[in-house]
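Engineer: Take a look at this one; I'll ask things after.
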Amino acid sequence: MKRRDFLSNTTAASTFIGLGGLGLNSCANLGTKHITILHTNDVHSHIDPFPTSHSHYANLGGIARRAALVDTIRNENPNTLLFDAGDIFQGTPYFNFYGGELEFKLMSKLKYDAATIGNHDFDNGIDGLLAQVPNATFELLSANYDFSNTVMDGFAKPYKIYLIDGIKIGVYGIGIALDGLVTKRLYKETQYLNPYEIALDMERNLKEAENCDLIICLSHLGYDYERPERPSDTQLAQRTYQTNLIIGGHTHTFLDKPDVRTNKNGDSVLINQVGAFGINVGRIDFYFDGQNNTSANGVSISV
């Protein structure tokens, strides 16, 4: 396994930022409490490694290798959470034959904590998605898909809170507009809600009502687009106030390092996305010094 260390060299990212902010930092400023966030996105039913003859991803990926990597990191730091940013389904015959059962069962074996829902996760219809829910021991998080009038009502939560070593972590999910990507007969009466408005509602609740120390968005909006009117992670970061980390998906973006953007409060927000197909696992380490300061550093790990 090859690590690509991506510590930012920008001024905003190399220093501690006060209450409500965070900096992307080196390990020189380790705090007293350490939380590790691992993440994948757009795995698209890739269970096995790519063959050695593959032109781009020869001998990369594979869920068994990912499991070994995750176990190693959890042994190193038990205060670890594992997330996925959507498009779990569609891309190999495993999905065609098993309809997502294998993907959810294997993610459960890896003890994923939560995943958001991508557009391809509707490829067997909303009924097909519901059929696989019993195979998932992790939470499905989606705040801006209103499933009230569908069979998925009650099977996806807008957010979940994790308490680890005294650190309260709030995680919410945001999905892309389905119209134009998924046929109506597949997502049926699912209502798409404005992602920016919902994100503001989620982070406000997680910060003010739930008193979370760290707020994470699992996003399947896509990293960035030429048309600024199209919702994206970069736009989301700049429009929010309390979200600290956006774990992205959809655009299969291989970021060399976490992108650091500035939110409405003038604080830093980290955005990360690790490509697709399970060939990388993202790792973000957060350090809390007990003085309302938070720092972070990130590593992209090639599987």
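Engineer: Which ranges mark the strands (runs of 3 or more DSSP E) fully within the range 196-264 that have 1 or more residues being at pLDDT 95 or above, under 18 Å from residue 139 (Cβ atoms) and of a type outside the set (Val, Ile, Thr)?
Structural biologist: Fully inside the range 196-264 and qualifying: 214-219, 245-247.
Engineer: Exactly one of (1) out of contact with any Leu (no Cβ under 7 Å at 6 or more places or on another chain); (2) surrounded by fewer than 17 Cβ atoms within 10 Å (Cβ to Cβ); (3) assigned to a loop (DSSP other than H, G, I, E, B) is unmet by residue 111. Its number?
Structural biologist: Evaluating residue 111 over (1) out of contact with any Leu (no Cβ under 7 Å at 6 or more places or on another chain); (2) surrounded by fewer than 17 Cβ atoms within 10 Å (Cβ to Cβ); (3) assigned to a loop (DSSP other than H, G, I, E, B) leaves (1) as the failure.
Engineer: Restricting the search to the range 265-283, which residues are part of a strand (DSSP E or B) and farther than 27 Å from residue 90 by Cβ?
Structural biologist: Correct list: 268, 269, 270.
Engineer: Then there's this: Being assigned to a helix (DSSP H, G or I) and buried (at least 19 other Cβ atoms within 10 Å of the Cβ) is the filter here, so list the residues in the range 114-139 that pass it.
Structural biologist: 119, 120, 121, 122, 126, 129, 132
Engineer: Starting from the range 140-160, keep only residues that are more than 15 Å from residue 114 (Cβ to Cβ) and at pLDDT 95 or above, then list their pairs with residues that are surrounded by fewer than 23 Cβ atoms within 10 Å (Cβ to Cβ) and among the charged types (D, E, K, R) whose Cβ atoms are within a distance under 7 Å, requiring at least 6 positions of separation or different chains.
Structural biologist: Close Cβ pairs satisfying both conditions: 147/153; 149/189; 150/188; 150/189; 151/127.
Engineer: Another question, if that's okay. Cβ-Cβ below 7 Å, separation at least six or inter-chain, first residue in the range 175-199 and within 21 Å of residue 248 (Cβ to Cβ), second surrounded by 16 or more Cβ atoms within 10 Å (Cβ to Cβ) and basic (Lys, Arg): which pairs?
Structural biologist: Filtered contacts from the range 175-199: 196/239.
Engineer: Among the residues that make up the range 261-271, is at least one of them touching a residue at least 60 places away in the same chain (Cβ under 8 Å), among the aliphatic types (A, V, I, L, M) and touching a Phe, Trp or Tyr at 6+ places or on another chain (Cβ under 8 Å)?
Structural biologist: no
Engineer: Here is a follow-up. So residue 102 clears everything in (1) part of a helix (DSSP H, G or I); (2) within 19 Å of the chain's Cα centre (by Cα) except one condition, right? Which one?
Structural biologist: (2)
Engineer: Right, another one. For the subset of the range 222-239 comprising residues that are out of contact with any helix residue (DSSP H, G or I) (no Cβ under 6 Å at 6 or more places or on another chain) and farther than 17 Å from residue 262 by Cβ, which member is surrounded by the most Cβ atoms within 10 Å (Cβ to Cβ)?
Structural biologist: Among those that are out of contact with any helix residue (DSSP H, G or I) (no Cβ under 6 Å at 6 or more places or on another chain) and farther than 17 Å from residue 262 by Cβ, it is 222.
Engineer: Taking into account only those residues within the range 105-149 that are acidic (Asp, Glu) and over 22 Å from residue 67 (Cβ atoms), which is farthest from the chain's Cα centre (by Cα)?
Structural biologist: 127
The values are calculated or read from the model by the stated rules, or taken from the named source; none is laboratory data. The shown structure was predicted, so the numbers you read here are calculated from the model rather than taken from an experiment. Counting neighbours? That spans all protein chains shown, and the Cβs are built from the backbone with ideal geometry, glycine included.
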